[in-house]
Amino acid sequence: MKAAIALVSARAARGLDEDMAPLLAAFATAGAHAEIADWDDEAVDWGRFRIALLRSAWDYTERLPEFLAWVERTAALTTLLNPAPVVRWSADKHYLQALAGGGLPVVATAFAEPGADAQPVLRQFLTQHPCAELVVKPAVGAGARDTRRHACEASAETLTHIQGLLAARRSVMLQPYFHGVDTHGETALIFIAGRFSHAIRKGPLLPPGAPPTDALFAPEQISARTPGADELAVAERVLAQLPFGELLYARVDLIRDAAHTPCILELELAEPSLFLSHAPGSAARLAAATLTRLVPR
């Protein structure tokens, strides 16, 4: 009997995850049966799957307690990949503080917690990190939703954005905007089973003055990229410092600062797009690595 693999998605993401088609084909070629299942579908019997592979549960940011409760239940019924501790840790970008504390080059980040006064938070950030523009976004978020790029002199607009997020009981992140992103873009390095697989260039997501996206994720301009040796070195340092051992998959998103030094923007360890169609053979590598994690029954 073929091993049954659940590719975990969300109703809102159906038809949007470009990794699904190559991954379904790769599992079929490897002799396994894979099917797409929505994480919040109460009709799904997760125990019938040998592995639940988190792929595009992209609405979790709006329903984090519910999603994490599902993660715990499902991890007790089958092999969840990546595992529950990884999902919990990476769901909230406060992890950037841990990475920075470990000496890794992280984009300078300040956090404001619900109940905080936004004005002194913004004032202190701009004093510590002089910049022409900054980015405001929720600490639990994905796809550039609720994220905006603000001119530093536009304090009223910036405060309105911060206050709106805080009023919704969401932690807020403030980061300087690196203008090199407008030309160089971001570099996303994808690792499978602890080894570098491929990388892509992601074009700038935050045009100046643009409102936050209302979609599940902002439109992206993606192309294959060969990462610089310095980018690869930073990504490998990140994975070496994580307390989880070898991960099935990981994505490290980097941008370059004014000195052209690669800095960590975020990690994607739970439900990242892996851009498999931009790297021939990557879907097969992910399917093979997944099947090595089958637990004997």
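Here are the numbers for this structure:
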{"quantity": "For the stretch 1-121, size of Cβ-based charge dipole, Lys and Arg +1, Asp and Glu -1, in debye", "calculated": "460 debye"}
{"quantity": "Per residue accessible area of the stretch 67-163, 1.4 Å probe, in Å²", "calculated": "41 Å²"}
{"quantity": "Antiparallel DSSP beta bridges within the chain, percent to nearest 5", "calculated": "70 percent"}
{"quantity": "Computed magnitude of the charge dipole of the chain (debye, nearest 20; Cβ of K, R +1, Cβ of D, E -1)", "calculated": "660 debye"}
{"quantity": "Accessible surface of the chain [probe 1.4 Å, protein heavy atoms]: carbon and sulfur percent", "calculated": "55 percent"}
{"quantity": "Interchain or long-range residues, amide H under 5 Å from GLU133's placed H", "calculated": "CYS152, TYR177"}
{"quantity": "Between the stretch 100-122 and the stretch 237-266, the Cα center-to-center distance that results, in Å", "calculated": "19 Å"}
{"quantity": "Global geometry of the stretch 60-169, whether rounded, prolate or oblate, following the gyration tensor of its Cα atoms and the 1.5 cut on a/c", "calculated": "prolate"}
{"quantity": "Solvent-accessible area per residue for the stretch 215-297 (1.4 angstrom probe, square angstrom)", "calculated": "45 Å²"}
{"quantity": "Proximal charge balance of ALA193 [Cβ under 10 Å; K/R count +1, D/E count -1]", "calculated": "+2"}
{"quantity": "Isotropically averaged projected area of the stretch 214-297, using the convex hull of Cα atoms (one quarter of hull area), nm²", "calculated": "8.2 nm²"}
{"quantity": "Cα-based equivalent ellipsoid, the chain: semi-axes from gyration tensor eigenvalues, Å", "calculated": "33, 21, 17"}
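The values are calculated or read from the model by the stated rules, or taken from the named source; none is laboratory data. Note that the coordinates shown come from a computational prediction; the quantities given were computed from them, not determined experimentally. Cβ sites come from the backbone with ideal geometry, for glycine too, and all protein chains shown count toward neighbours. For accessibility, only protein heavy atoms count, side chains too; no ligands or nucleic acids. Shrake-Rupley method; radii C 1.70, N 1.55, O 1.52, S 1.80 Å.
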